[in-house]
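The values are calculated or read from the model by the stated rules, or taken from the named source; none is laboratory data. Quick caveat, the model's predicted, so the values are computed rather than measured. Every residue, glycine as well, gets a Cβ built from its backbone with ideal geometry; the counts of neighbours run over all protein chains shown.
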Amino acid sequence: MKTLIVYAKAGAGHKRAAEAVYDAFKRKGREKEVVLIDCLDYTEGWFRDFYPNCYIFLVRFLSLLWAGAYYTLDNRVIYSLVKPLRRLGNRSVSKKFVEFLKKERPEVIISTQFFASEVVAALKKEKQIDSKLISVVTDFGAHTFWESEDVDTFVVASEDTKEDLLRRNIPAEKIKVLGIPIEPPLTGLDKAQVRGEIGLKENLFTILIVGGGFGVGPIRELAFSLDRVRLEVRDKIQLIVVCSRNEKLYSQMQVIASKLKITAKIFGFVPNLYKMMVASDIIISKSGGLTTSEALASGLPMIIISPIPGQETKNCQLLVKNGAAYRIDRALEVSRIIEELIKEPAKLETMRANAQRLSRPSSADDIAELAISYRKEG
């Protein structure tokens with residue numbers, strides 16, 4: 001096997017990043033050289049279900065507990081005590097994955113999730129495989145769980161992420177700023193035409209509300225808040241709401257939309273969020289790594305609400321710092337920002353320029369080229 005792309009489906013972003021790199025290989029006519037897998041399919045059955053469901057439960061219902069664990073384990077001293085236990089636990093549940101790697105012996109492994117990276121790095125350290133390991137950090141901030149001296153290359157989202165790894169004593173030559181891998185933005189689409197296809201009016205300020213991969217966050221409250229903006233603003237805005245795979249939320253929003261004074265189009269899961277982004281002027285969402293990267297690649301300013309403590313908080317801080325996003329803590333605050341941006345459109349244009357400056361839309365193709373270059377070196 002020449003190249004293995006591996007993810008662990010804990011949150012939607014890791015899978016989408018891996019699929020984006022796989023699609024980049026296909027665009028280059030190299031799909032026969034690459035295999036895409038979820039490493040959780042090669043773990044113990046109980047763990048395969050527990051790992052993603054535990055993550056989703058914690059971030060939705062026990063976010064403070066998740067934040068405490070995230071920041072505690074990001075302390076190098078504490079992690080040094082936990083690391084042997086983590087290695088022991090990962091070894092015990094990943095035997096099938098280890099056997100797969102030892103049998104297939106891929107030349108290059110591209111990992112978009114730290115569980116897979118840790119297992120592969122341990123095998124490299126023990127000299128059981130000699131694959132090149134590319135760890136793709138799928139957020140704008142790193143975490144100690146990503147660190148390993150046996151990773152050949154860390155692919156990171158931004159110069160800020162690189163500085164984060166340098167502070168963690170990762171050698172500069174091991175870090176490449178290529179961005180978080182996303183599907184290439186749709187080009188050649190006319191905003192007015194896309195709005196017409198969706199059933200929106202052509203000349204209204206269009207706000208996209210996205211609930212992440214699982215349709216979470218105060219989406220109902222955001223819709224009600226926007227419906228209560230001043231009359232002269234209300235007549236200038238319309239909504240797109242993407243509920244993702246949250247069927248309960250989708251049903252609720254269908255009812256709510258029929259009662260709003262502003263036009264609102266409600267969608268469940270959409271296979272390509274870029275089309276919605278093309279139609280929009282601003283996006284309101286959490287700050288997941290993939291959604292953030294897609295918004296930046298589309299030059300779409302963000303209003304960030306309810307970021308998951310930990311990785312999404314770091315993403316949010318970077319965007320706000322660089323003038324590509326606002327952060328709000330309550331849904332009621334969104335109406336003030338929308339009124340401000342409609343009154344002062346130059347602010348929106350500045351945010352759009354800042355977003356484009358941070359974007360790396362060719363990230364997936366660049367990562368595929370990096371993997372191919374490693375194979376040639378071998």
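Is there a residue being touching a Cys at 6+ places or on another chain (Cβ under 8 Å) and either modelled with pLDDT of 95 or more or within 23 Å of G289 (Cα to Cα) (or both) anywhere in segment 116-137? Yes, segment 116-137 has at least one match. Which residues, taken from segment 110-150, are over 20 Å from A371 (Cα atoms) and of a type in the set (V, I, T)? Once the filter is applied, which keeps residues that are over 20 Å from A371 (Cα atoms) and of a type in the set (V, I, T), segment 110-150 yields only T144.
Can K102 be described as under 19 Å from E147 (Cα atoms) and touching a residue at least 24 places away in the same chain (Cβ under 8 Å)?
Details: under 19 Å from E147 (Cα atoms): no; touching a residue at least 24 places away in the same chain (Cβ under 8 Å): yes.
So K102 does not fit the description; no.
Remark: pairs (first residue in segment 14-35, surrounded by fewer than 15 Cβ atoms within 10 Å (Cβ to Cβ); second residue modelled with pLDDT of 95 or more; Cβ separation under 6 Å; 6+ apart in sequence or on different chains) = E31/F25. Residue check: Y79 meets all listed conditions (1) under 24 Å from E369 (Cβ atoms); (2) surrounded by 15 or more Cβ atoms within 10 Å (Cβ to Cβ) but one, namely (1).
Matching residues to (1) acidic (D, E); (2) closer than 29 Å to L58 by Cβ; (3) surrounded by fewer than 24 Cβ atoms within 10 Å (Cβ to Cβ):
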{"site": "A257", "(1), (2), (3)": "no, no, yes"}
{"site": "K261", "(1), (2), (3)": "no, no, yes"}
{"site": "K275", "(1), (2), (3)": "no, no, yes"}
{"site": "I283", "(1), (2), (3)": "no, yes, no"}
{"site": "S287", "(1), (2), (3)": "no, yes, no"}
{"site": "M302", "(1), (2), (3)": "no, yes, no"}
{"site": "G310", "(1), (2), (3)": "no, yes, yes"}
{"site": "T313", "(1), (2), (3)": "no, yes, yes"}
{"site": "Q317", "(1), (2), (3)": "no, yes, yes"}
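Among the conditions (1) in a helix (DSSP H, G or I); (2) closer than 13 Å to S285 by Cβ, the only one that M351 does not satisfy is (2). Scan segment 224-243 for residues that are without any contact (Cβ under 8 Å) to a residue 60 or more places away in the chain and part of a helix (DSSP H, G or I) and report the count. Number satisfying all stated conditions: 4. Scanning segment 196-218 for residues that are surrounded by 16 or more Cβ atoms within 10 Å (Cβ to Cβ) and at pLDDT 90 or above gives L200, L204, F205, T206, I207, L208, I209, V210. In the condition set (1) closer than 25 Å to D23 by Cβ; (2) more than 18 Å from the chain's Cα centre (by Cα), P184 is compliant with all but (2). For segment 235-243, the criterion of being touching a Ser or Thr at 6+ places or on another chain (Cβ under 6 Å) and among the polar types (S, T, N, Q) is met by at least one residue.
Which one of K124, K95 is in contact with a strand residue (DSSP E or B) (Cβ under 8 Å, 6 or more places away or on another chain) and of a type in the set (K, R)?
Details: K95 fails: in contact with a strand residue (DSSP E or B) (Cβ under 8 Å, 6 or more places away or on another chain).
Residue meeting the stated conditions: K124.
Scan S148, S117 and give me the residue that is touching a residue at least 24 places away in the same chain (Cβ under 8 Å) and surrounded by 24 or more Cβ atoms within 10 Å (Cβ to Cβ). Show your work before the answer.
Values: S148 fails: surrounded by 24 or more Cβ atoms within 10 Å (Cβ to Cβ).
Going through S148, S117 in turn, the sole match is S117.
When we screen V98, V177, V194 for residues that are within 23 Å of C39 (Cα to Cα) and of a type in the set (V, I, T), the only hit is V98.
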